[in-house]
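First the structure, in the form of structure tokens, and then the observations on it.
The values are calculated or read from the model by the stated rules, or taken from the named source; none is laboratory data. All values reported here derive from a predicted model rather than from experimental measurement. Neighbour counts run over all protein chains shown; Cβ positions are idealised from the backbone, glycine included.
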Amino acid sequence: MKTLNNITKIIVCGFSTFILGQEMEVDGILKVTGEIDVSNQRVVNVANPVEPKDAVNLDYLSAMEMTTSGSGLIVVKCPWYTESISSSESVNPGIGSCEPPSCPDGWTEVTTYNEVTGAGGGNAFNNSSWEKYFLGNSCRICEKE
């Protein structure tokens, strides 16, 4: 009987894998812990955004482009983080940088700049060292051709 139970488990696992490998529908909210990797596949049927962190679709972006004030500017960003740990309170980590993404096809670069979006620090355990950090983005402004 034990062998039969193991065979049943294998069949159920194999059947479950086959079902999930095809298509899955969820009625309601699907919450995921971790990342979603779509393996370079398209994400389809994305509705227009409602909340600030919602994804957007091409129709929405195209409509936004047509309703802008004619400037046709976008900013593409690359986030960075710097920190320093030192026995001296006067040591600063400096402003970071990274290479922001290139302008999309049909757009040209206007300028690049760095923005600091956060800073912090404090005295570490036992007054032995100071930790400071900066957060920010390296930015590229692109203009519609």
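For residue 95, are the conditions met, namely being aliphatic (A, V, I, L, M) and either part of a strand (DSSP E or B) or without any contact (Cβ under 8 Å) to a residue 24 or more places away in the chain (or both)? So residue 95 does not fit the description; no.
All of (1) under 30 Å from residue 113 (Cβ atoms); (2) β-branched (Val, Ile, Thr); (3) at pLDDT 75 or above hold for residue 29 with one exception: (1). Here residue 129 meets each of (1) under 12 Å from residue 74 (Cβ atoms); (2) surrounded by 13 or more Cβ atoms within 10 Å (Cβ to Cβ) with one exception, condition (1). All of 106, 72, 121, 94 fail the test of being touching a helix residue (DSSP H, G or I) at 6+ places or on another chain (Cβ under 8 Å) and at pLDDT 80 or above, apart from 72.
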